[in-house]
Structure formats: C-alpha cells, structure tokens
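What follows is one structure encoded as structure tokens, with my remarks underneath.
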Amino acid sequence: MKRLMTTLTVLATGVFLMTLSLSAQAQFESADLILTNARVIDGTGAVYDRAVIAITGERIQSITSGEKQFNAGRTIDAKGKTVLPGLMNMHIHFGPRDATNEETVTEYLKRLPAGLYAYLSYGVTTIKSPGDMAETYIKVRERLARGEIQGPRLFLTGPPLTALGGYPAVVRYRDNPWLRAQRSIELTSEREARTAVRQLSELGVDAIKFIYIGSTDPEKPYVGRYGVAIRKLTPQIMKAIIDESHKHQLRVTVHTSHLEDAMAVIEAGADGLEHGVHERLLDDRLGTLMRERKASYVPTLYQLYTGTGETYPSRLAANKANVKQLAEEGVRIVLGTDSSPFSDGDGFATIRELEIYVRDVGLTPMQAIQAATRNAAEHLGKLDELGTLEAGKLADLIMVNGDPLKDIMSLYNVELVIKGGKIVVDKRQGTE
C-alpha cells in the first residue's frame, strides 16, 4: 500500500508540474517578429511608450504593453526609437519625360528598380502615380506584387483625361506627339469620356485623374503662364468622368488651379484635388464643401519649392496659406510631392514635404505625419488595410532614430523599414 501511495504521489506531482508548465506556456503568444520597447505613433493620433508590436505573416498581430510575453522568430529592441506607419506619397510621376518611343521607355524601366528601392530607404512604403502610362506601369505594379523587384506598394490612375488641346497635352508634349498620346487622353464628348474610364478600369487602374483648367470658349482663350492656349473639358464631360468612375468603384481626383474650378468638381462629386488652389482662399466655401464631401486636398508643395515657387513667390505663399487654412477647417490634407524617381531624390522629397508642412506651413508634427499615413490611406480608400498601426492591418511600418513629434527632421533618420511583415531596409549599426 505504501509503495502504491508513493507511486500515486509521483504521478500526481508529475501531472501538477506538467499542468504548471502548460499554464506557463499559455502565457506566451507566438509571432514571427516582435519590436519591443517601442515608442509608437500609430497614425490614429495615439502615442504609446514601451509598446510591443507583434507581427505574424504580413499583418500586425497586436500592439500591447511590455507585460505580454512572446515566442518570436525574431526580436528587435526599439528602445530609444520611434515606430510609425510606413509613409505614403500620393502624387509622384514616372519618366522618362522626354521619351520618344518604346525603346526609350524600356531603357528607363531597366533603371527603375533602383529608384523604387530608394523610396523604401526613406521609409516610403506606398506611392500613387496620378498620370502615367497605364499598361507599362501596371506591369511594374505586378512585378512589385510578385516580389520580383523591391519597392513601395504602387497605385495607378493611368494617363490623365483632358480636353482636346488641354493640359498637359499642348503644354508638356506639344513637340512630342508620341509621348502626348501615351501620357494624356484627350476627349471631345461625354461618350468618349465614359469609354476612356471604362477602358482604364478594364486595364486595372486603381483610380482616375482628370484635368480641369483652361477655357471652353475659343473666343476667350486661357493662356496663363504657359504661353499657349489651353482648352478645358466642358462641365458635361467633367461630370460624365466622375459619374462613370464611380460606377466602376474608382475614386477620381482632379488637377485644378483656380477656386471656381475646384468648387465645380467637388460639387460634381470628385473625391479630391491634385495640387490644390493656387490663388489665396478668402473665405471658407471650399473648406466647408470639401469637409462635407470628405474630399482630399493634395497640395504638392515640394514641387512649388523646387520649380514654379522660385519664379512665382506669391503663388507659393498662397498655397502654403491655403494648406494651413484648410487643415484648420477640417479638410483632409494628403501628402504628395509631384516628384519623380532619380531627378527629385526619390523618397527624399516625401520627407521634405513633411518638413515644409511643419516648418513653413505651421501644421503640427502629428498633422503632418497623418497626412502621410492615415489620411493618405483614406484618400486611397484603403484605410482598412493601410495607414495606421492596428491589429489586423498590413505590417507596413518604419523605425526612426528620434521622436518626430518633437522634431520632424527625425524622419530623415530611418533605420528600419518593414513592408508586409518583411524587413526590406535595415540601416541599424552593425546590420550592414
């Protein structure tokens, strides 16, 4: 009997120890990658200290306090660093701007992977091209998605729709008929407009862009600073583009310059303005309308600083003041630079745009960061997947040395870039 009791005691002790061990294991959560001790700016407006970000596969599994324990395939200590969503630039353009045939484009495409990777090196994990060749860059988008080349997530509109004799056809490409046909779609009727939108949708674009500047009256030409008469789409064609785009579940944004045109396209249902308004807003009519319609404002100030702003300082001043005013009126400000790979420093322009928002326009660092994260994702209609660091979303995030809420210049110090749960850039000391 004594031997039996001893045996039962040993068995009971073994069961207890096994239960204790399983209980301890149950307190641990598994993840592929965790970042510990992170100061997190999550894009929603919240900030966390000493957080743990767990990533499994391509998605964020959780963001918790440091108390939870993990069994992780890889752990990165983010102490002293700030983690925030990958940056998003919603207005870039590809080249070459002087292409004259397919061979020229082919040579450019051979160099493009280096330019795309350069975006990642600055923490830019998503870009949108509102106005380039459709089929050519859809193929680039597919290569990125397959992982054949490294670069940001790419969203495309294809060539901009414009009037026959409109911008940019008769301005940038008037001496280059081949490129004019590739990088603009000139329209003369509502039927042509609907056909063009439908064809672009069938090709697989992510959104539509059209141009709404110029004159519809040949007796009253619009010349502006370009030195050439620019024709504008009729209001009927403009509305047909917006209507057809929405029928195909495509958001549509518009290149405008003047308040009258901006008001007209937003009232007609456009989802946003590219470049914004170049004359000083004297009242809150546009801001009120855009806020009510939940439309986006993409100011592209970087382009003004490097180009026309030097020649037209009053235009630059008006644009900066408009961004500040519209932000205060509750309009969604979205980062875009109107820059290009190679010629404009790739991802550098994105950080420079953020710097301009804070140092020159007067936005808070949080407002600037949200313009490049949450607001940009909402602009794309992808807020359920991108733009903020939340459980279940795609794990696109960056780690920077410093705190951009105290000094926006910290965003130049990108040390780690994760896209879709994978480390794609690692500049930490001792890792290269």
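A few notes on this one:
- Any hit, the range 285-299, residues being surrounded by 17 or more Cβ atoms within 10 Å (Cβ to Cβ), in contact with a Gly (Cβ under 9 Å, 6 or more places away or on another chain) and hydroxyl-bearing (S, T, Y): yes
- Single match in L233, L200 (criterion: in a helix (DSSP H, G or I), in contact with a helix residue (DSSP H, G or I) (Cβ under 8 Å, 6 or more places away or on another chain) and at negative phi): L200
- Residues that are hydrophobic (A, V, I, L, M, F, W, C) and in a loop (DSSP other than H, G, I, E, B) were ranked within the range 362-390; the one that is nearest to the chain's Cα centre (by Cα) is A372.
- Of all the listed residues (R359, R428), the sole one being over 17 Å from the mean Cα position of the chain (by Cα) and either part of a strand (DSSP E or B) or under 23 Å from I149 (Cα atoms) (or both) is R428.
- Taken together, the residues in the range 203-219 that are part of a helix (DSSP H, G or I) and small (G, A, S) amount to 0.
- Being among the polar types (S, T, N, Q) and either buried (at least 22 other Cβ atoms within 10 Å of the Cβ) or under 27 Å from A391 (Cα atoms) (or both) is a condition met by no residue of the range 97-114.
- Complete set of residues in the range 245-267 that are small (G, A, S) and in contact with a Lys or Arg (Cβ under 8 Å, 6 or more places away or on another chain): S245
- When the range 399-408 is filtered for residues that are outside any strand (DSSP E or B) and either surrounded by 16 or more Cβ atoms within 10 Å (Cβ to Cβ) or in contact with a Phe, Trp or Tyr (Cβ under 8 Å, 6 or more places away or on another chain) (or both), the ones remaining, listed by number, are G402, D403, P404, L405, I408.
- Residues (buried (at least 21 other Cβ atoms within 10 Å of the Cβ) and in a helix (DSSP H, G or I)) located in the range 116-136: L116, Y119, L120
- Looking at the range 279-335, the helices (runs of 4 or more DSSP H) lying wholly inside it that each contain 3 or more residues that are closer than 15 Å to L363 by Cβ sit at 313-328.
- Taken over the range 328-377, residues that are among the hydroxyl-bearing types (S, T, Y) and either outside the structural domain of R315 (by TED's automatic domain parsing) or under 12 Å from I92 (Cα atoms) (or both) amount to 5.
- Within the range 357-379, the set of residues being surrounded by fewer than 22 Cβ atoms within 10 Å (Cβ to Cβ) and touching a Leu at 6+ places or on another chain (Cβ under 7 Å) comprises P365, M366.
- Residue in the range 206-220 that is exposed (fewer than 14 other Cβ atoms within 10 Å of the Cβ), out of contact with any His (no Cβ under 6 Å at 6 or more places or on another chain) and under 18 Å from P130 (Cβ atoms) present: no
- L282 meets all of the listed conditions (1) surrounded by fewer than 17 Cβ atoms within 10 Å (Cβ to Cβ); (2) touching a strand residue (DSSP E or B) at 6+ places or on another chain (Cβ under 9 Å) but one, namely (2).
- Test: residue in the range 168-189 that is in the same structural domain as V323 (by TED's automatic domain parsing) and over 29 Å from E103 (Cα atoms): yes
- Just one of the listed residues (R74, R39, R97, R50) is assigned to a loop (DSSP other than H, G, I, E, B), of a type outside the set (S, T, Y) and either modelled with pLDDT of 80 or more or more than 30 Å from P404 (Cα to Cα) (or both), and it is R97.
The values are calculated or read from the model by the stated rules, or taken from the named source; none is laboratory data. On a predicted model such as this, the values are computed, not experimentally measured, just so you know. Neighbour counts run over all protein chains shown; Cβ positions are idealised from the backbone, glycine included.
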